[in-house]
Amino acid sequence: MARFTDKVAIITGSSNGIGRATAVLLATDGAKVTITGRDAARLEETRQAILKAGISATNVNSVVADVTTAEGQDLLISSTLDKFGKINILINNAGANIPDSQGQTRTKCSIENLTKMFQLNLQSVVEMVQKVRPHLAKTRGEIVNISSIGAGPAAQPASPYYSSAKAALDQYSRCAAIDLISEGIRINVVQPGFVSTGFSTAARGLSADESVKFYDLMGSLPHCIPAGYCGQPDHLASVIAFLVDRKVSEYIVGQTIIADGGSSLVIGCHAPRQ
Ligand code: NDP
């Protein structure tokens with residue numbers, strides 16, 4: 001029997017990148033999945049990837065929604081319950097380093113930008129956890145929140161608001177993990193390092209080709225990624241799947257797993273290989 005047979009998962013931010021790879025992996029391993037994002041065309045690409053893996057369309061609930069809105073969150077949950085009858089797994093993966101609308105950078109970015117960054121990377125997660133909690137309590141379910149090595153402790157001067165929101169997400173996750181474990185609900189966190197996705201397209205205004213070149217360059221620099229190559233979405237999907245599989249990770253509660261090819265351990269002066 002596949003490891004997620006009879007499990008129902010909501011994966012936010014699954015119209016691209018890490019969320020898409022996670023949705024395909026969970027569905028391939030037997031889960032019924034709700035996939036979601038704002039971009040209908042990209043979301044359809046995810047649905048097609050799942051169908052191409054041989055999964056029945058009846059196991060996929062595809063919902064175009066903005067996860068920062070109450071309507072979007074409610075639609076995700078109600079459509080999942082309507083189609084599949086329960087929720088076992090919530091993966092709060094949607095996130096972004098949103099550019100400042102006035103073109104400002106670093107600590108000159110506007111308060112409006114700060115608000116948007118926290119709304120997406122922290123508040124929407126808190127809201128989803130509150131709304132899904134009663135359903136997960138019924139199934140003794142799992143939550144994984146996707147943070148970033150940007151959360152610290154190293155400074156991230158190029159993205160102070162994004163990295164602060166992810167740091168807040170980490171501490172919220174630890175607090176919530178202790179609160180919810182009494183209801184049988186586990187919460188854990190994954191912190192990706194550099195992963196070749198649409199993330200830099202959105203954050204840095206790069207084209208898809210430029211984005212691939214950027215990630216390849218990072219992978220070639222040992223002081224950026226000691227492993228010697230940039231992460232791919234599947235590297236993160238397998239870690240997330242481990243954390244939502246109670247059979248193999250049940251005693252891990254409120255922890256953060258870093259999957260970054262070693263980036264967060266490197267101090268520049270110690271990086272060169274010789
Ligand atoms: P992508 O840009 O490829 O994917 C981000 C996903 O989030 C998309 O599906 C996007 O969907 C969705 N999303 C963004 N804003 C919203 C919104 N308001 N409502 C609904 N969905 C939204 O990036 P990644 O796959 O890399 O990002 C996944 C997670 O990993 C994020 O939390 C990110 O912060 C984190 N991360 C990524 C790193 C990397 O190097 N790639 C490094 C560290 C952390 P759509 O555009 O269709 O709305």
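Results, tabulated for the structure shown:
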item: Most mobile listed residue (Gln102, Gln255, Gln156) in the chain, GNM with C-alpha springs under 10 Å; result: Gln102
item: Computed FRET value (nearest 0.05) for His223 with Ser110, which takes r as the C-beta separation and R₀ as 22 Å; result: 0.10
item: Cα centroid separation - region 221-267 against region 91-108, whole Å; result: 23
item: Cα-derived Rg over Rh, computed across region 200-274 with Rh taken as Kirkwood radius; result: 1.07
item: Cα long-axis angle, helix 233-244 against the chain (0 to 90 degrees, to the nearest 10); result: 50
item: Gain on full stretching of the segment that runs from Lys213 to Leu51 - 0.36 nm per residue minus C-alpha separation; result: 55.4 nm
item: With Cα atoms, 0 to 90° folded angle of helix 40-52 axis to the chain main axis; result: 70
item: Region 8-265, relative contact order in percent, only Cα pairs under 8 angstrom and at least six apart counted; result: 19
item: Principal axis dimensions, region 1-93 - Cα atoms, whole angstrom, descending; result: 37, 25, 20
item: Relative contact order of region 126-248, pairs being alpha-carbon contacts under 8 Å that are 6 or more residues apart, as %; result: 24
item: Val248/Thr68 FRET efficiency (R0 35 Å; Cβ-Cβ; nearest 0.05); result: 0.60
item: Charge context of Ala65, other residues only, Cβ under 10 angstrom, K/R +1, D/E -1; result: -2
item: Gln171 paired with Ala2, simple spin-label distance in nm, labels 7 Å along Cα-to-beta-carbon; result: 4.0
item: The chain: angle of helix 70-84 to the longest principal axis, Cα-based, in degrees nearest 10; result: 50
item: Rg/Rh for the chain, where both radii come from Cα atoms and Rh is the Kirkwood radius; result: 0.95
item: Cα convex hull of region 85-175 - mean projected area over all directions, nm²; result: 6.4
item: Ascending count of other beta-carbon atoms within 10 Å, so fewest first, for Met1, Met218, Met128; result: Met1, Met218, Met128
item: Region 12-165, relative contact order [Cα under 8 Å, separation at least 6], %; result: 22
item: Net charge, Ala23 excluded, C-beta distance under 14 Å - Lys, Arg +1, Asp, Glu -1; result: +2
item: Ranked packing of 157-170, 138-151, most packed first, by mean Cβ within 10 Å; result: 138-151, 157-170
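A short reminder: the numbers here are calculations on the coordinates, not readings from a lab. Since this is a predicted model, take the numbers as computed values, not measurements. Positions of Cβ are backbone-derived with ideal geometry, glycine not excepted, and every protein chain shown enters the neighbour counts.
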